[in-house]
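These notes concern the structure reproduced below.
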Amino acid sequence: MQLLNGPKSVFYEPNFITEEEERRLVDCVYAAPKPKWQQLSNRRLQNWGGLPHPKGMVAEPIPEWLMHYVQKVSSLDLFGDKKPNHVLVNEYLPGQGIMPHTDGPLFHPVITTISLGSHTVLNFHEEQDLENIVGENTSPNQMKQRKKIMSVLLEPRSLLVVKDDLYQNHLHSIEELKCDEISESIINPGTFKVGELLERKTRISLTIRHVPKTSKATIFLSKKF
Ligand SMILES: O=C(O)CCC(=O)C(=O)O
Ligand SMILES: [Fe+2]
């Protein structure tokens, strides 16, 4: 497995999975029971493996169709002595995105993301005074003003890895666009030329992470029922 190292600990692997695997994964995501979806204002998501919580995640088994990829990512030795135990599924329609944020202390500081169905462009923002980020008083405008330092093109079937300084000290975001223009700030344009336009389709991302703190509540639950 060869991962490309970009500046500040971002790694990108195109074609991490095949088209057939991509189709199967998309089918499985949409086959999940309706209550599994959590609707946010600008995207939908599913949590697998439990719901991360400051007091500890009540761990739930990850289904076989996802576990295969958790293991595949785990075998890359990115997580040190930790094992990924949580998958966040995000669905973005064209025009949807995610505000600048960090993934914060609920996760071990390594993100791995498999993209399905569409490309997107993930932006990283300049280093911040992290004491003050994503607070209740931070207006969307203030967030948007945070300067981008670089962007990564995430093609369908690719794997992205973010760790170290980039995870800890920089916000990341996806702009709410229907179409992305290949710009100089994209560090992995591949064969695309600056100025080319890529139209977004529906994208599903699988973000595979390690939640360090898991509570034992499942044991009590399974005993009780
Ligand atoms: O969809 C993506 O690639 C990014 C998702 C993300 O940043 C998150 O859920 O924290
Ligand atoms: Fe994130």
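The values are calculated or read from the model by the stated rules, or taken from the named source; none is laboratory data. These figures come from a predicted structure and were not determined experimentally. We place every Cβ from the backbone using ideal geometry, glycine too, and count neighbours over all the protein chains shown. Please note that ligands, DNA and RNA were not included when accessible areas were found on the heavy atoms of the full protein model with its side chains. Shrake-Rupley method; radii C 1.70, N 1.55, O 1.52, S 1.80 Å.
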Most packed first (mean Cβ within 10 Å per residue), the peptides 28-35, 167-174 order as 167-174, 28-35
For segment 2-216, would you read off the P(r) tail past 25 Å as a percentage of all alpha carbon pairs?
37
If you average the alpha carbon positions of segment 88-131 and of segment 8-45, how far apart do those two centres end up, in angstrom?
13
Using bins 5 angstrom wide from zero, how does P(r) for segment 79-122 break down, in % of all Cα pairs?
5, 13, 27, 24, 17, 10, 3, 1
Given the Cα-Cα distance of Glu126 and Glu181 and 0.36 nm per residue of separation, how much length would full extension add, in nm?
17.7 nm
SASA check, Asp165, accessible area w/ 1.4 Å probe, all protein chains in place, rounded to nearest 10 Å², comes out at 50
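Of the cross-linked pairs Lys36/Lys72; Lys178/Lys213; Lys8/Lys193; Lys55/Lys178; Lys36/Lys178; Lys55/Lys163, which ones have a Cα-Cα span greater than 32 Å in the structure shown?
Beyond 32 Å: Lys178/Lys213; Lys55/Lys178.
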Order the peptides 105-112, 191-198, 57-64 from the highest to the lowest mean number of other Cβ atoms within 10 Å of their residues.
105-112, 57-64, 191-198
Between Glu19 and Thr191, the FRET efficiency computed from the C-beta separation at R0 = 22 Å comes out, to the nearest 0.05, as 0.75
When the Karplus curve 6.51 cos²θ - 1.76 cosθ + 1.60 is applied with θ = phi - 60°, which whole-Hz ³J(HN,Hα) does each residue of segment 12-22 get, with x for Gly and Pro?
9, 10, x, 6, 5, 10, 7, 5, 5, 4, 4
Pop out the ³J(HN,Hα) list for segment 189-203 in order, Karplus 6.51 cos²θ - 1.76 cosθ + 1.60 with θ = phi - 60°, rounded to Hz; leave Gly and Pro as x.
x, x, 8, 6, 9, 3, x, 5, 10, 10, 7, 7, 10, 5, 10
Segment 2-216, relative contact order [Cα under 8 Å, separation at least 6], %:
32
For Val58, the residues 5 or more places away or on another chain with a placed amide H closer than 5 Å to its own amide H are Leu51, Ser215
Inter-probe distance in nm under a simple model that places probes 7 Å from Cα toward Cβ, at Met67 and Asp164:
3.3
